[in-house]
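The structure appears right after this line, and notes come after that.
Each reported figure results from applying straightforward, stated rules to the coordinates on display, with no laboratory input. Computed from a predicted structure; not experimentally measured. Cβ coordinates were reconstructed from backbone atoms using ideal geometry, including for glycine residues, and neighbour counts include every protein chain displayed.
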Amino acid sequence: MRGPADVVTRPGTATRALGTIRYTGRSGDPSVASGALTMDVHLTAPGEPDAVDVWTTSRPVSVVDGGRVKYAHDGEVALFAARVPRSDRYADAVERLYTELFALTAATGYRELFRVWQYVEDVNGLNADGLEVYQDFCLGRARAFDRHGGPAAMPAATGVGALGGGISVHLLACREPVRHLENPRQVPAYHYPRRYGPKPPSFARATRRGDELHLSGTAAIVGHRTVFPGDVAGQCREALRNVEALLDAPADLAGLDRIKVYVRRAEDVEEVRRQCLRAFPAGADIAFFVVDLCRPDLLVEIEGTWSPVR
Ligand code: 3EB
């Protein structure tokens with residue numbers, strides 16, 4: 001992927017990287033080694049193209065080694081990155097990491113989380129207690145949110161599988177207030193019934209920051225149920241309907257960019273790509289990844305950032 005299309009470099013205005021996330025063949029701890037924040041996330045298998053997200057700014061950037069958590073900030077926005085090493089039980093370590101992240105965002109003044117990504121190795125596997133790894137992750141995250149604002153503080157997010165690396169987390173936060181939104185077609189994830197795990201997922205369907213709308217990973221879930229099990233074409237159409245339902249103007253897909261599409265089965269990529277290339281703007285930055293998704297019956301998940309078309 002290239003950098004964000006919405007960053008304009010004017011004469012005399014240097015565009016700097018706030019941070020770089022590489023979706024590649026291995027995971028790594030975040031690094032601030034060369035004065036820039038970077039993290040590698042294991043999302044591509046041999047032979048698949050790597051992708052990269054570069055978050056840029058025209059403001060001076062400070063990069064901080066906060067120990068396990070590294071971050072970069074420009075006075076308005078901060079990018080935080082951290083990793084929980086591979087483990088056969090995650091809840092406690094995840095609770096500690098999110099508690100640390102909330103403490104750091106508060107201490108630095110970047111209190112408003114507006115987008116979180118969580119890439120979880122073996123997301124549909126079982127932990128040492130027989131609990132699904134995703135549910136184990138959700139348990140720790142929910143315990144941390146319970147003590148830090150609850151649903152009102154939950155931002156747009158992605159939670160999907162990774163090919164390795166334990167759990168890689170990165171998030172964007174800012175100083176100005178943001179607004180978290182729900183999808184009228186879907187039960188809020190934080191109200192999912194108990195059958196999906198001991199604690200529900202902690203995220204909003206979208207977060208508005210200024211005139212930008214950050215869309216969570218969006219799947220074929222209506223109410224709280226997965227629809228079109230086993231049918232990737234049906235799931236992709238339904239996920240696109242959910243994406244449209246999140247946008248103010250119906251069918252306003254023209255403003256979407258930084259699109260990521262996660263597909264469970266390699267053989268389904270062709271159908272998903274066909275539907276997505278038809279639905280999304282021709283110039284949009286769009287990447288496809290073959291990874292597991294956080295419910296065993298989900299086949300496709302779509303995220304992106306919407307901004308007004310200029
Ligand atoms: C869903 O709608 C699909 O756990 O952070 C999507 C986006 C999903 C984020 C998360 C999970 C998460 O429930 C799964």
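Here are the numbers for this structure:
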| quantity | calculated |
| --- | --- |
| Neighbourhood net charge (13 Å Cβ-Cβ; Lys/Arg +1, Asp/Glu -1) for Val232 | -3 |
| For the chain, built as a Gaussian network whose Cα springs stay under 10 Å, the top-fluctuating residue of Gln235, Gln186, Gln135 | Gln186 |
| P(r) tail fraction, the chain - alpha-carbon pairs more than 26 Å apart, % | 41 percent |
| At most 12 other Cβ within 10 Å, DSSP loop - trypsin sites (Lys or Arg not before Pro), region 52-160 | Arg147 |
| Fluctuation leader among Ala204, Ala144, Ala284 - the chain, Gaussian network, Cα springs under 10 angstrom | Ala284 |
| Beta bridges by DSSP in the chain, antiparallel share as percent, to the nearest 5 | 75 percent |
